[in-house]
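Enquirer: Structure in structure tokens, see below.
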Amino acid sequence: MTSAQQRAELQRRIWQIANDVRGAVDGWDFKQYVLGSLFYRFISENFASYIEGGDDSVNYAELTDSVITADIKDDAIKTKGYFIYPTQLFAKVAASANTNESLNTDLAAIFAAIEASANGYPSEQDIKGLFADFDTTSNRLGNTVKDKNIRLAAVLKGVAELDFGHFDASHIDLFGDAYEFLISNYAANAGKSGGEFFTPQHVSKLIAQLAMHKQTSVNKIYDPACGSGSLLLQAKKHFDSHIIEDGFFGQEINHTTYNLARMNMFLHNINYDKFNIQLGNTLVEPQFGGDKPFDAIVSNPPYSVKWIGGDDPTLINDERFAPAGVLAPKSKADFAFVLHALSYLSSKGRAAIVCFPGIFYRGGAEQKIRQYLVDNNYVETVISLAPNLFYGTTIAVNILVLSKHKTNTNIQFIDASGLFKKEANNNVLLDTHIDQILAVFDSKTNVDHFAMSVPFELVAANDYNLSVSSYVDAKDTREAIDIAHLNAELKTTVAKIDELRKDIDEIVTKIEGEELKV
């Protein structure tokens, strides 16, 4: 079986488990148990592999908890960030799950112990609350303890039967792929809320490559509204890990999604000391403000979400928003996220941000913020994408690329709205589409009906309008009409009509003459 076939089979099986086991429970509500079980298996096997150290004579799962010394535990936590005793391993729990009458409480105790193992260590905040959404006492699992245990055992057994092979680099990739596959499927079936925690991989790939373009190394990469971490992880997938020196940083307002993001980091083999995901409202409780600015920023913030804005008089003096001299409207926080990202961007960096198209042409405060961005030469490129690329919305969004190291004052506009392939209920960007966008982004070449670099003076004269359609002429797809040929055909038709009328008049005259004779 090829690696592609193995991945496809794993994805088929894991989605089957997710649907078969949940029964009458809504898939969205049940996702935590499938995702959490996959995560539990991963960290168990990852930890056992670390302890065994490649020694085939050692089987960590067969050891007794009593042989673990304080030094072994201390060293493991400092390295891995957490500790799991042999009896707490996923494989041990799953093996007896069907007959364990206290499975739900045993799991709760194990999860609490894993989280508590990091207390007092540098990894404490990265591990704390990871299993908070894996509520083994929830009535979603059933009304009785027996019902809960039956469903929990079925999930554990299903995940245990998935064939990931030997725990090595490819094994880790399969775990990460399976996790992202599950998240993307849940997002696709979650309606509007799906887009709030997951950016489709094909769009994430484009955004990550725009932000990292031509950078041989970056200090760190940041997403101020990171959802489940999909944008950050695309940077890891498409660039050698060594060029992201200090790791992956993000903030997320939703607690469940925050936990998904941290699990996602572990499942892609990013150790606790190489990521920092924080919980909270980025706009009013920003994290990392005192850190060194970021060389790469990626973001797909919520579209036109409400925020406190001018109701908080201190925000106009916030160093993120003060330079623009105005706050984003209270009913539309889009530009608040843009200004936040810009303030966190280093002098060598780029930010690639998904934006609602309305912010590029509306007046008022949004026009003033566009003026600030344009006059200070921060806008490198605006890209219009095809509609229906994201979960939960069919609108055609834009990508705004900000830079603090532009070599001229031109602003590039790219109309990529025609680049997509229709698949099921959504459109997708193919690799060829992404390559086409990146090629013209790199060259800044003008291409009829596709890309145009415009002097900032022209943008300023156009009320600082940043809509792509204002600068890139749409291709005229109407059929060309040959006027001379059309006139010739019309002349011939008129002549035929005149001839027909003449014939009809002759017939009528003849009939009338015969009637008079009678």
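The values are calculated or read from the model by the stated rules, or taken from the named source; none is laboratory data. Given the structure is predicted, the values throughout are model-derived calculations rather than measurements. Neighbour counts are summed over all protein chains in view; Cβ atoms, including those assigned to glycine, are modelled from backbone coordinates with ideal geometry. Only protein heavy atoms, including side chains, enter the accessible area calculation; ligands, DNA and RNA are left aside. Shrake-Rupley method; radii C 1.70, N 1.55, O 1.52, S 1.80 Å.
Enquirer: How long are the three semi-axes of the equivalent ellipsoid for the stretch 286-408, computed from the Cα gyration tensor as the root of 5 times each eigenvalue, in whole Å, largest first? Kindly include the intermediate steps, with their values, before the conclusion.
Expert: Numbers: eigenvalues 85, 71, 42 Å².
Largest first, the stretch 286-408 gives 21, 19, 14 Å.
Enquirer: Same structure again: Considering only DSSP beta bridges with both partners in the chain, what is the antiparallel share in %, to the nearest 5? Intermediate results must be reported in sequence, preceding the final value.
Expert: Numbers: 20 of 40 bridges.
Bridges in the chain are about 50 percent antiparallel.
Enquirer: Three principal axis extents, largest first, for the C-alpha atoms of the chain, in Å?
Expert: Principal extents (Cα only, largest first): 127, 66, 45 Å.
Enquirer: Take the Cα atoms of the stretch 396-495, find their three principal axes, and give me the spread along each one in whole Å, biggest first.
Expert: 69, 42, 23
Enquirer: Here's another thing I want to ask about it. Sorted by average packing, counted as other Cβ atoms within 10 angstrom per residue and highest first, what order do 252-260, 357-365, 422-430 take?
Expert: Numbers: 252-260: 21.0, 357-365: 17.1, 422-430: 13.9.
Per-residue Cβ counts within 10 Å, averaged per peptide and sorted highest first, yield 252-260, 357-365, 422-430.
Enquirer: Among Leu107, Asn149, Val67, pick out the residue whose Cα is farthest towards the positive end of the charge dipole of the stretch 36-152, where Lys and Arg carry +1 and Asp and Glu carry -1 on C-beta, about the Cα centre.
Expert: Looking along the dipole axis, the top candidate is Asn149.
Enquirer: Evaluate the charge dipole of the chain about its Cα centre and quote only its size in Debye, nearest 20, assuming +1 on the Cβ of each Lys and Arg and -1 on the Cβ of each Asp and Glu. Please report the intermediate quantities before stating the final value.
Expert: Details: 47 positive and 66 negative charges, 107 e Å.
Dipole about the Cα centre, nearest 20: 520 debye.
Enquirer: Of the listed peptides 69-80, 132-143, 370-381, 174-185, what is their order by residue-averaged count of other C-beta atoms within 10 Å, with the highest listed first? Don't skip to the answer; put the middle values down first.
Expert: Details: 69-80: 13.3, 132-143: 16.2, 370-381: 19.4, 174-185: 20.9.
Ranked from most to least packed, the peptides come out as 174-185, 370-381, 132-143, 69-80.
Enquirer: Determine how many Å³ per residue the convex hull of the Cα atoms of the stretch 81-176 encloses. Present the calculation step by step, with values, prior to reporting the outcome.
Expert: Values: hull volume 11.0 nm³, N = 96.
It comes to 114 Å³ per residue, whole-number rounded.
Enquirer: Mind checking which of Ala211, Phe356, Ile316 is farthest towards the positive end of the chain's charge dipole, using Cβ charges of +1 (Lys, Arg) and -1 (Asp, Glu) about the Cα centre?
Expert: Ile316
Enquirer: What angle, in degrees between 0 and 90 and rounded to the nearest 10, separates the Cα long axis of helix 3-22 from the longest principal axis of the Cα atoms of the chain?
Expert: Between the helix axis and the principal axis of the chain, the angle is about 80 degrees.
Enquirer: Round to a whole number: what % of the accessible area of the chain belongs to carbon and sulfur, probe 1.4 Å? Numbers along the way, then the final one.
Expert: On the way: 12170 of 24000 Å².
Here it works out to 51 percent.
Enquirer: Also, I was wondering about something else. Please list 221-230, 314-323, 120-129, 490-499 highest first by mean number of surrounding beta-carbon atoms within 10 Å per residue.
Expert: On the way: 221-230: 28.8, 314-323: 14.0, 120-129: 16.4, 490-499: 10.0.
The packing order, highest mean first, is 221-230, 120-129, 314-323, 490-499.
Enquirer: Right, next: log10 I(q)/I(0), Debye, Cα-only the stretch 34-81, no solvent, q = 0.14, 0.20, 0.24, 0.25 Å⁻¹?
Expert: -0.39, -0.76, -1.01, -1.06
Enquirer: Amide H of Asp295: which non-local residues (sequence gap of 5 or more, or other chain) have their own amide H closer than 5 Å, using H built in the peptide plane?
Expert: Under 5 Å from the amide H of Asp295 lie the amide H atoms of Asn219, Lys220, Ser346, each far enough along the sequence or on another chain.
Enquirer: Send over a whole-number figure in Å² for the accessible area per residue of the stretch 227-333, probe 1.4 Å. Write out the running numbers ahead of the final one.
Expert: Working: 4300 Å² over 107 residues.
Accessible area per residue: 40 Å².
Enquirer: Can you compute 3J(HN,Hα) from phi for each residue in the stretch 311-319, using the Karplus curve 6.51 cos²θ - 1.76 cosθ + 1.60 with θ = phi - 60°, rounded to whole Hz and x for Gly and Pro?
Expert: Rounded to whole hertz, the list is 6, 10, x, 7, 5, 5, 9, 5, 4.
Enquirer: Taking the Cα centre as origin and putting +1 on Lys and Arg beta-carbons and -1 on Asp and Glu beta-carbons, what dipole magnitude results for the stretch 331-397, to the nearest 20 debye? Intermediate values should be presented prior to the final figure.
Expert: On the way: 6 positive and 4 negative charges, 10 e Å.
Dipole about the Cα centre, nearest 20: 40 debye.
Enquirer: Additional query: Rg and Dmax of the stretch 24-112, Cα atoms, in Å?
Expert: Values for the stretch 24-112 (Cα only, Rg and Dmax): 14.6, 47 Å.
Enquirer: Turning to a different aspect of this structure: What translational diffusion coefficient, to the nearest whole µm²/s, does the stretch 264-325 have by Stokes-Einstein, given a Kirkwood radius computed over alpha-carbon pairs, a temperature of 25 °C and 0.890 mPa s viscosity?
Expert: Numbers: Rh = 14.5 Å.
Result for D is 169 µm²/s.
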